[in-house]
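Peer 1: Before I ask anything, here is the structure I am working with.
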Amino acid sequence: MKNTAIRSLIIAFCFLPLTAFSQKTSVQNIDRRVEELLAKMTVDEKIGQLNQVVGDISTGTDVKQDNLLNQIRAGKVGSVLSHTNFENKIVMQRVAVKETRLGIPIVFGFDVIHGYKTIFPIPLAQAAGWNLAAIEAGERIAATEAAADGQNWAFAPMVDITHDPRWGRVMEGAGEDPYYGSRVAEARVRGFQGADLSLPNTVAACAKHFAGYGFVEGGRDYNTVDMSEQRLRETVLPPFEAAARAGSATFMNAFNTLNGVPASMNKHLVTDILRGEWGWNGLVVSDWDSFGETVEHGAAEDDTDASAKCLAAGSDMDMAGGTFQLGLKKALEQGRVTQQQIDEAVRRTLRFKFSLGLFDDPFRYLDPKRREQTLEKPEYRQAARAMAAESMVLLKNDGGVLPLDPAGPFKKIALIGPYANSIGNKDYMSFWTLGLGMRDYDSTKVVTPAMALKPALEKLGFEVTITEICLDANCDEKDYSAALNAARAADLVIACVGERGYDCGESRSVNTLELPRGQERLLQIAARGNKPAVMVLFNSRPLVFPWAMENVPAILVAWQPGFEAGNALTDVLTGKVNPSGKLPITFPRSTGQIPMYYNHLSTGRPQAQFGEMWKSGYLDMPNTPAYPFGFGLSYTTFSYSDIKLNKAAINKGETLEASVTVTNTGNVAGAEVVQCYIRDLFADISRPVKELKGFEKIKLAPGESRTVTFKLTEKDLSYWNDQTKFKADPGKFKVFVGGSSVDVKVADFELK
Ligand code: GLC
């Protein structure tokens, strides 16, 4: 079958069954087999299929569990999550298939967040590369490794938009913009699921966390979420709808309440919007014990009440908590749920397993030979290295300190700081690298900055010293003399600062974005009174570094780059790769400015400049960010022509074309992310001052020019409001095109 046909087969599984394909994997054929099997199942066997139990890694609160194999034997397990041991998975599958009455295979789920055995840059870093093809290819590799290791189902992509970098999970997403977040969601789903879910090198995707999790109050993980339908529809839901329409086989509930109703039992989200409006009919799995936590939320009385409310809302499978096992049968007996509702959840579960090919061959993903041949191929690391280099964002390069030029003025280079050469603690990665294990992993697989930079720079004729200092995350070293001496002896200092890898991810929110005090001290040593210095930031979120911003001439955001951290950093610092990253999320000047995002409303009193009274601003801080959404420098420069429009006004149904000519005005080749924004000047309700509606990453040789054209239709100009759903208001608009959300050319047009 052609890829497009098979891809629409996947989408057909999740949406209402459409047309049939080849006999074996057609929707109708699978539905027939599902009905045949369902008819044979007892109530206990049905409820057992809705139970997902924890394997050998725990990623949440303590949950009590009986012996896993005994539970499987008793027909109480439909799925196992977070199990790393390959041989065990074979044993579990054998028990499920050979020692239960109906032999229904288990589906194995796993958090495949930024690579599986080969670790890629964190998703937020990948988003900074603005290269959708690379993101898709990276997930293709992650899926290939995960499927070869017996995983069938990735608990990804995480598509939560957020405006709050204090939230530790900001690293898992694509930043603050719903348009870009939607494009990234589609690329990830395509990468994971490929053309056919039943192939042994694809895994099911899982759009999570549905929905609103990124807006937890205070950026504090698992906290309350309260927002207007307007924000839900315009900012939160677009990437989820994009994932659903891209064919994501599954969705995952969020932990949070949304306007008082826990997401797992939120009928408005799961039934009205996801299944109703979008027509998506795939499997919804809870988050870790999120069914049971509805009791803790105070929105359910006990396991029976929780089971009834979550199932009735349209959620299907119970991750980790065992709530359905404890309460769903009682809920049925009490008439709180119907047999049809249970059957519908089981249907979606069985259909999911059929689409993976698990009934045709339960051991398809458990082939030791394929595993041996597939994991950790060298080309995977090359892909990770290229993505890491492309994700790095150059924020500052005063005086052209970078790239390091052997013919330049700096001969002696000192590399200092906690992340110059750190081993362990999942540094340069994140908590979400469970394919390597929870904490003890083979850290020799990670290339540190020192390992790569020293030989590479010495080969170029530089002298390099390495001073590992501030090795504890807080960097409150008392004695900085080693760093001081190294800095004094050097022409240029590279300070590697930022966050501990293990401290990045879930349950890792922070109350301040400031660098640890000791690291700023280190940067002062590095800058030694405005001598040439480079700050390399290993970070999982926007951080705040006011002193460095003013005093360190070069600043490079390296994010958490994954296995190839050191090599990718070397490629960028030496100019082998010209940095092209652009921020997918605003870097505020201070934690106190949060929430700060580019696509904000004007307010009735926009402050034109800092200090203006009776306007919306602070007495002690400008309204501007440290570095805006879409910003990133290059080793070259780009110029933009004025915008040319194909017409000054469009009627509904017509297309506006906005073109600019971009020129590389520097003397090295480079890539530029050309961004297109709009503003609806007057509408029924207040509209954002800018909204991203398109982007294109182009490569230009020195002196080369390219014309980039963005096509805008009425759909691009539409917005949600309660009265009228999505629609565009006739009236005046602006279109902006540029290399960031602030450095733009502008043109006016009208929608008739
Ligand atoms: C965690 C996370 C979720 C993850 C799941 C399994 O608590 O919220 O993203 O997929 O549990 O690890």
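The values are calculated or read from the model by the stated rules, or taken from the named source; none is laboratory data. What you see is a predicted model, and the numbers here were worked out from it, not measured in a lab. Backbone-built Cβ (ideal geometry, glycine too); neighbour counts: all protein chains shown.
Peer 1: Only one residue in ALA211, ALA246, ALA254 is within 29 Å of ARG190 (Cα to Cα) and touching a His at 6+ places or on another chain (Cβ under 7 Å). Which one? Reasoning before the result, please.
Peer 2: Details: ALA211 fails: touching a His at 6+ places or on another chain (Cβ under 7 Å); ALA246 fails: touching a His at 6+ places or on another chain (Cβ under 7 Å).
Result of the check over ALA211, ALA246, ALA254: ALA254.
Peer 1: Any idea which residue in the stretch 126-148 is farthest from the ligand (Cβ to nearest atom), counting only those that are crowded, with 24+ Cβ neighbours inside 10 Å and in a loop (DSSP other than H, G, I, E, B)?
Peer 2: So the residue we want is TRP130.
Peer 1: Give me a count of the residues in the stretch 164-199 that are in a loop (DSSP other than H, G, I, E, B) and among the acidic types (Asp, Glu).
Peer 2: So the answer is 4.
Peer 1: Quick check: anything in the stretch 740-747 at pLDDT 95 or above, under 20 Å from GLY581 (Cβ atoms) and in a strand (DSSP E or B)?
Peer 2: Checked against the condition, which is being at pLDDT 95 or above, under 20 Å from GLY581 (Cβ atoms) and in a strand (DSSP E or B), the stretch 740-747 yields at least one hit.
Peer 1: Being within 16 Å of the ligand (Cβ to nearest atom) and either touching a residue at least 60 places away in the same chain (Cβ under 8 Å) or in contact with a helix residue (DSSP H, G or I) (Cβ under 7 Å, 6 or more places away or on another chain) (or both): is that true of GLY173 here?
Peer 2: For GLY173, the condition - within 16 Å of the ligand (Cβ to nearest atom) and either touching a residue at least 60 places away in the same chain (Cβ under 8 Å) or in contact with a helix residue (DSSP H, G or I) (Cβ under 7 Å, 6 or more places away or on another chain) (or both) - is met.
Peer 1: State all residues of the stretch 294-321 that are within 16 Å of the ligand (Cβ to nearest atom) and either surrounded by fewer than 22 Cβ atoms within 10 Å (Cβ to Cβ) or not assigned by TED's automatic domain parsing to the domain that holds VAL53 (or both); if no residue qualifies, say none.
Peer 2: Across the stretch 294-321, the qualifying residues are GLU296, HIS297.
Peer 1: Continuing with this model, one more query. If CYS676 meets every condition in (1) buried (at least 21 other Cβ atoms within 10 Å of the Cβ); (2) more than 19 Å from TYR719 (Cβ to Cβ); (3) in contact with a strand residue (DSSP E or B) (Cβ under 6 Å, 6 or more places away or on another chain) apart from one, which number is that one?
Peer 2: If we test CYS676 against (1) buried (at least 21 other Cβ atoms within 10 Å of the Cβ); (2) more than 19 Å from TYR719 (Cβ to Cβ); (3) in contact with a strand residue (DSSP E or B) (Cβ under 6 Å, 6 or more places away or on another chain), just (2) comes out false.
Peer 1: Next question. For the stretch 148-193, give me each residue that is farther than 16 Å from CYS504 by Cβ, among the hydrophobic types (A, V, I, L, M, F, W, C) and touching a His at 6+ places or on another chain (Cβ under 9 Å).
Peer 2: VAL159
Peer 1: Further question on the same structure: With (1) in the same structural domain as SER740 (by TED's automatic domain parsing); (2) closer than 30 Å to LEU460 by Cα as the list, and GLY653 as the residue in question, which single condition is left unmet?
Peer 2: (2)
Peer 1: Scan (1) within 16 Å of the ligand (Cβ to nearest atom); (2) in a helix (DSSP H, G or I) for the single condition ILE161 breaks and write down its number.
Peer 2: Failed condition: (2).
Peer 1: Within the stretch 418-425, does at least one residue satisfy the condition of being surrounded by fewer than 19 Cβ atoms within 10 Å (Cβ to Cβ), more than 16 Å from the ligand (Cβ to nearest atom), assigned by TED's automatic domain parsing to the domain that holds GLY518 and under 24 Å from the mean Cα position of the chain (by Cα)?
Peer 2: Yes, because at least one residue in the stretch 418-425 is surrounded by fewer than 19 Cβ atoms within 10 Å (Cβ to Cβ), more than 16 Å from the ligand (Cβ to nearest atom), assigned by TED's automatic domain parsing to the domain that holds GLY518 and under 24 Å from the mean Cα position of the chain (by Cα).
Peer 1: Can you find a residue in the stretch 485-506 that is basic (Lys, Arg), over 22 Å from ALA174 (Cβ atoms) and part of a loop (DSSP other than H, G, I, E, B)?
Peer 2: yes
Peer 1: Additional query: Take THR724 and decide whether it is of a type in the set (Val, Ile, Thr) and modelled with pLDDT under 95. If you could, list the steps in order and put the result at the bottom.
Peer 2: On the way: of a type in the set (Val, Ile, Thr): yes; modelled with pLDDT under 95: yes.
Taking the combined requirement at face value, the residue satisfies it.
Peer 1: Right, something else. Look at the stretch 714-752 and say how many of its residues are buried (at least 20 other Cβ atoms within 10 Å of the Cβ) and of a type in the set (Gly, Ala, Ser).
Peer 2: Matching residues across the stretch 714-752 total 3.
Peer 1: Of all residues in the stretch 518-532, count the ones that are crowded, with 21+ Cβ neighbours inside 10 Å, under 14 Å from ALA489 (Cα atoms) and out of contact with any helix residue (DSSP H, G or I) (no Cβ under 7 Å at 6 or more places or on another chain).
Peer 2: Qualifying residue count for the region: 1.
Peer 1: Being of a type in the set (Val, Ile, Thr) and more than 15 Å from the ligand (Cβ to nearest atom) is the filter; apply it to the stretch 232-256 and report the residue that is farthest from ARG351 (Cα to Cα).
Peer 2: THR235
Peer 1: Would you confirm whether or not the stretch 586-609 contains a residue that is surrounded by 15 or more Cβ atoms within 10 Å (Cβ to Cβ), in contact (Cβ under 8 Å) with a residue 12 or more places away in the chain, hydrophobic (A, V, I, L, M, F, W, C) and touching a Ser or Thr at 6+ places or on another chain (Cβ under 9 Å)?
Peer 2: Within the stretch 586-609, the first condition is being surrounded by 15 or more Cβ atoms within 10 Å (Cβ to Cβ), and the residues that meet it are 586-591, 593-600, 607.
Add one more test, that the residue is in contact (Cβ under 8 Å) with a residue 12 or more places away in the chain, and what stays is 586-591, 593-600, 607.
Filter again for hydrophobic (A, V, I, L, M, F, W, C), leaving 587, 594, 596.
Narrowing the set further to residues that are touching a Ser or Thr at 6+ places or on another chain (Cβ under 9 Å) leaves 596.
Within the stretch 586-609 (the criterion being surrounded by 15 or more Cβ atoms within 10 Å (Cβ to Cβ), in contact (Cβ under 8 Å) with a residue 12 or more places away in the chain, hydrophobic (A, V, I, L, M, F, W, C) and touching a Ser or Thr at 6+ places or on another chain (Cβ under 9 Å)), the answer is yes, since at least one residue qualifies.
Peer 1: Something else: Would you call SER290 within 15 Å of the ligand (Cβ to nearest atom), assigned by TED's automatic domain parsing to the domain that holds LYS309 and in a helix (DSSP H, G or I)? Full working, then the answer.
Peer 2: Numbers: within 15 Å of the ligand (Cβ to nearest atom): yes; assigned by TED's automatic domain parsing to the domain that holds LYS309: yes; in a helix (DSSP H, G or I): no.
Considered against the rule, which asks whether it is within 15 Å of the ligand (Cβ to nearest atom), assigned by TED's automatic domain parsing to the domain that holds LYS309 and in a helix (DSSP H, G or I), SER290 comes out as no.
Peer 1: Looking only at the stretch 95-113, filter to residues that are touching a residue at least 40 places away in the same chain (Cβ under 8 Å) and over 22 Å from GLU35 (Cβ atoms); which one of those is farthest from the ligand (Cβ to nearest atom)?
Peer 2: Per the criteria, the residue is PHE108.
Peer 1: Residues that are in the same structural domain as GLU506 (by TED's automatic domain parsing) and surrounded by fewer than 24 Cβ atoms within 10 Å (Cβ to Cβ): which strands (runs of 3 or more DSSP E) entirely in the stretch 49-125 hold 1 or more of them? It would help to see each step written out before you state the result.
Peer 2: Values: elements: 51-54, 79-81, 107-110.
Hits in the stretch 49-125: none.
Peer 1: Sticking with this structure for a sec: Which residue pairs have Cβ atoms closer than 7 Å, lie 6 or more positions apart in sequence or on different chains, and pair a first residue in the stretch 191-207 that is away from the ligand (no atom under 16 Å from the Cβ) with a second residue that is at pLDDT 95 or above and basic (Lys, Arg)?
Peer 2: GLY191/ARG140; GLY194/ARG140; PRO200/ARG364; PRO200/ARG370
Okay, residues lined up against (1) among the charged types (D, E, K, R); (2) within 16 Å of the ligand (Cβ to nearest atom); (3) buried (at least 18 other Cβ atoms within 10 Å of the Cβ); (4) in contact (Cβ under 8 Å) with a residue 60 or more places away in the chain:
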| position | (1), (2), (3), (4) |
| --- | --- |
| PHE431 | no, yes, yes, yes |
| VAL446 | no, no, yes, yes |
| ALA452 | no, no, yes, yes |
| GLU458 | yes, no, no, no |
| ILE469 | no, no, yes, no |
| TYR480 | no, no, yes, no |
| ASN485 | no, no, no, no |
| ALA490 | no, no, yes, yes |
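Peer 1: Looking at the stretch 513-536, can you tell me whether even one residue there is modelled with pLDDT of 95 or more, more than 16 Å from the ligand (Cβ to nearest atom), assigned to a loop (DSSP other than H, G, I, E, B) and not small (Gly, Ala, Ser)?
Peer 2: yes
Peer 1: Residue by residue through the stretch 191-204, note down the ones that are surrounded by fewer than 21 Cβ atoms within 10 Å (Cβ to Cβ), farther than 12 Å from ALA146 by Cα and modelled with pLDDT of 95 or more.
Peer 2: ASP196, SER198, LEU199, listed by residue number.
Peer 1: Here's something else I'd like to know. Here are some conditions: (1) in a loop (DSSP other than H, G, I, E, B); (2) surrounded by fewer than 23 Cβ atoms within 10 Å (Cβ to Cβ). ALA671 meets all but one. Which one does it not meet?
Peer 2: Looking at each condition in turn, ALA671 falls short on (1).
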